[in-house]
Amino acid sequence: MYAQPYVYIIEEDDAVRDSLGMLIESAGYAQKSFHGIEHFFTAYDPGTPGCLILDANESGLTNLVFRDELKLRHIRLSIIFLKRYGESHKELLAANFGRFAVLTKPVQIEVLIKTIQALLQPSCIAKSE
């Protein structure tokens with residue numbers, strides 16, 4: 001049996017982070033929000049399943065370094081990358097993050113919730129090492 005999954009939000013913009021948090025909670029999911037990637041790394045409990053929402057350009061790390069840091073810290077979450085319209089996501093595909101989705105900003109609420117639902121299916125939740 002799995003622990004309650006969380007939707008982790010990493011967003012530097014307070015208003016966007018708060019809006020995403022309220023939206024996710026209104027859809028019935030537990031969420032934890034962080035101002036930046038280092039705050040997330042400090043607070044994350046590897047035993048807690050879930051998925052991560054992250055701006056594709058705001059991690060403060062290159063995609064390969066971010067992927068390696070996740071592995072080093074034994075963080076095995078599905079990731080929803082948010083990208084701006086017109087931006088390529090080829091580098092995300094090349095980084096081989098495992099299970100992830102790429103959504104374009106401004107993201108449609110229904111699409112975001114359906115993506116979260118898909119990534120939080122018990123068969124999709126990876127146990128942390």
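FYI, it's all coordinate maths here, none of it is from the lab. Only a predicted model underlies this, so the values are computations on that prediction, with no experimental measurement involved. Here Cβ is always computed from backbone atoms with ideal geometry, including for glycine, and neighbour counts include all displayed protein chains.
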Computed ³J(HN,Hα) along segment 34-39: with the Karplus parameters 6.51/-1.76/1.60, θ = phi - 60°, integer Hz and x for glycine or proline, the list is 9, 6, x, 5, 5, 4
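Roughly what percent of Cα-Cα pairs across segment 1-49 reach past 18 Å?
On the way: 372 of 1176 pairs.
Cα-Cα pairs in segment 1-49 separated by more than 18 Å: 32 percent.
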About the Cα centre, and with charges only on the beta carbon of Lys, Arg (+1) and Asp, Glu (-1), how big is the dipole of segment 1-82? Nearest 20 debye, please.
460 debye
